[in-house]
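K.L.:
Before I ask anything, let me first share the structure, which is written out below as structure tokens.
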Amino acid sequence: KAGVTQTPRYLIKTRGQQVTLSCSPISGHRSVSWYQQTPGQGLQFLFEYFSETQRNKGNFPGRFSGRQFSNSRSEMNVSTLELGDSALYLCASSLGIGSEQFFGPGTRLTVL
Amino acid sequence: GQQVMQIPQYQHVQEGEDFTTYCNSSTTLSNIQWYKQRPGGHPVFLIQLVKSGEVKKQKRLTFQFGEAKKNSSLHITATQTTDVGTYFCAGPDQGGSEKLVFGKGTKLTVNP
């Protein structure tokens, strides 16, 4: 079974730009969660999608948004990038948010 | 909001020594999950504990869930260099959403 894939793996942007990250979950998994990982704050939950609906949301500003498609693939978008958005963005798929999370390799975003 | 705290933040051991990381939640948890993230990698699920007082073993790793279901520990016997990484505990948010709340992790380094 193929694992969770994320594209791109690395991204460099400048302040004010926007970015879209993509995540393809494990086949059969309908839940996709997104996390931001930084050295200071650890793993912080952004949002979770299940069957194209956002079910859970973390405490991030509205600049962070996401969506899920009918094939369970998910995208997250960050608009008006700030320096503090530099982080590793991880997506995780699962059968449900409370069950074992399978993480992708992440997208390393650097904002200059 | 719910907090999940882990101690210590860092632990350096000599190969062959034992290692323990502790996880404490501000609220009672329905279950707790443990993940390991190797340097440069992504979190990988290790185990989920559900029952009060539960103890599970995976080779040299022993996981324990407290009687009050507010704390947990991971103990590694006779560490090896392959144990290097950051160990995270995570519990479901008890505030209504189902998101996972991660501790900030314990970074383990092993001196050969």
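K.L.:
Among the residues that make up the stretch A:58-78, is at least one of them at pLDDT 95 or above and in contact with a helix residue (DSSP H, G or I) (Cβ under 7 Å, 6 or more places away or on another chain)?
P.N.:
yes
K.L.:
Tally time: how many residues in the stretch A:46-66 are touching a strand residue (DSSP E or B) at 6+ places or on another chain (Cβ under 7 Å) and either open to solvent by less than 20 Å² (accessible area, probe 1.4 Å) or farther than 17 Å from A:I26 by Cα (or both)?
P.N.:
First, the residues of the stretch A:46-66 that are touching a strand residue (DSSP E or B) at 6+ places or on another chain (Cβ under 7 Å): A:46-50, A:52, A:54-58, A:60, A:63-66.
Subsequent filtering for residues that are either open to solvent by less than 20 Å² (accessible area, probe 1.4 Å) or farther than 17 Å from A:I26 by Cα (or both) retains A:46-49, A:54-58, A:60, A:63-66.
Selection size over the stretch A:46-66: 14.
K.L.:
Restricting attention to the stretch B:1-51, which residues are open to solvent by less than 30 Å² (accessible area, probe 1.4 Å), within 14 Å of chain A (Cβ to nearest Cβ) and of a type in the set (A, V, I, L, M)?
P.N.:
B:V4, B:L29, B:I32, B:I47, B:L49
K.L.:
Are there any pairs with C-beta distances below 6 angstrom linking a residue in the stretch A:44-63 that is within 8 Å of chain B (Cβ to nearest Cβ) to a residue that is open to solvent by 40 Å² or more (accessible area, probe 1.4 Å), with the two at least 6 apart or on different chains, and if so which?
P.N.:
Final answer for the pair search is A:E48/A:R55; A:N56/B:E98.
K.L.:
Scan the stretch A:67-95 residue by residue and report those that are within 18 Å of B:D93 (Cβ to Cβ) and in contact with a Leu (Cβ under 9 Å, 6 or more places away or on another chain).
P.N.:
A:L90, A:A92
K.L.:
Another question about this same structure. Determine the pairs where a residue that is free of Cβ contacts under 8 Å to residues at least 40 places away in the same chain, located within the stretch A:87-112, has a partner that is open to solvent by 10 Å² or more (accessible area, probe 1.4 Å) and of a type in the set (D, E, K, R) with Cβ atoms under 6 Å apart, the partner being 6 or more residues away or on another chain.
P.N.:
Within 6 Å, the pairs are A:G98/B:E98.
K.L.:
For A:G16, indicate whether it is in contact (Cβ under 8 Å) with a residue 24 or more places away in the chain, on the phi > 0 side of the Ramachandran plot and not polar (S, T, N, Q).
P.N.:
So A:G16 passes the test.
The values are calculated or read from the model by the stated rules, or taken from the named source; none is laboratory data. Since we're looking at a predicted model, the values are computed, not measured. With ideal geometry, Cβ positions are generated from the backbone for all residues, glycine too; neighbour counts draw on all protein chains shown. Quick note on the areas: whole protein, heavy atoms, side chains included, nothing else; ligands and nucleic acids left out. Shrake-Rupley method; radii C 1.70, N 1.55, O 1.52, S 1.80 Å.
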